[in-house]
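Right, one structure below, let's go through it.
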Amino acid sequence: MKISARNQFQGKVETVKAGAVNSEVDLVLPGGQKIVAMVTNESAKSLGLKAGTDAVALVKASSVLVMTDSSGLRLSARNCLAGTVKSLTLGPVNAEVTIALAGGAEVHATITHGAVTDLGLKEGGAATAVFKAPSVILGVPA
């Protein structure tokens with residue numbers, strides 16, 4: 001599969017919690033971190049999502065926020081993946097931040113150059129990738 005979403009996370013479905021319209025799906029990554037996705041019940045059914053199913057989570061880099069200090073901040077975003085800044089590619093307006101997670105996965109975020117400066121981002125520094133569950137697209141092997 002070729003797709004423009006920079007973030008492609010392989011994992012296993014841990015749980016599927018069906019609601020009236022949508023299902024909340026917990027996907028566990030090889031490093032033990034979890035991604036939460038919200039999909040319609042029909043999508044969960046057509047993909048055959050259940051505990052133990054191999055799946056891929058897709059998230060566009062522009063949907064990922066970067067946080068360096070939560071200071072006890074509580075967020076409504078279900079996905080907060082802590083890691084280390086692996087690389088920064090700086091442009092005149094935007095920058096790409098790559099955050100390495102435990103287990104080898106990486107998260108790519110596109111943020112403004114000003115945000116890199118304001119956050120004090122540097123290679124080797126701690127950072128957390130933040131994105132909402134509805135921003136996650138799930139797929140399964142054919």
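Points worth noting:
- Among residues of segment 47-61 that are closer than 15 Å to residue 136 by Cα and without any contact (Cβ under 8 Å) to a residue 60 or more places away in the chain, those with a beta-carbon under 6 Å from a residue that is outside any strand (DSSP E or B) and not β-branched (Val, Ile, Thr) at least six positions away or on a different chain give the pairs 61/6.
- Qualifying residue in segment 37-44 (condition: without any contact (Cβ under 8 Å) to a residue 12 or more places away in the chain and out of contact with any Asp or Glu (no Cβ under 7 Å at 6 or more places or on another chain)): yes
- Flag for residue 20 being of a type in the set (A, V, I, L, M, F, W, C), outside the structural domain of residue 100 (by TED's automatic domain parsing) and out of contact with any strand residue (DSSP E or B) (no Cβ under 6 Å at 6 or more places or on another chain): yes
- Here residue 49 fulfils each of the conditions (1) loosely packed, with under 15 Cβ neighbours inside 10 Å; (2) assigned to a loop (DSSP other than H, G, I, E, B) apart from (1).
- Where residue 133 falls short, out of the listed (1) surrounded by fewer than 15 Cβ atoms within 10 Å (Cβ to Cβ); (2) closer than 30 Å to residue 46 by Cβ; (3) under 19 Å from the mean Cα position of the chain (by Cα); (4) not β-branched (Val, Ile, Thr): (1)
- When each of 14, 24, 42, 96 is tested for being surrounded by fewer than 16 Cβ atoms within 10 Å (Cβ to Cβ) and in a strand (DSSP E or B), the lone residue that passes is 14.
- For segment 113-121, the criterion of being modelled with pLDDT of 95 or more and closer than 18 Å to residue 9 by Cα is met by no residue.
- Candidates 82, 77, 127, 109 - the one that is closer than 28 Å to residue 54 by Cα, of a type in the set (A, V, I, L, M, F, W, C), part of a loop (DSSP other than H, G, I, E, B) and outside the structural domain of residue 37 (by TED's automatic domain parsing): 77
The values are calculated or read from the model by the stated rules, or taken from the named source; none is laboratory data. The structure displayed is predicted, hence computed values, not measured ones. Virtual Cβ from ideal backbone geometry, glycine too; neighbours counted across all protein chains shown.
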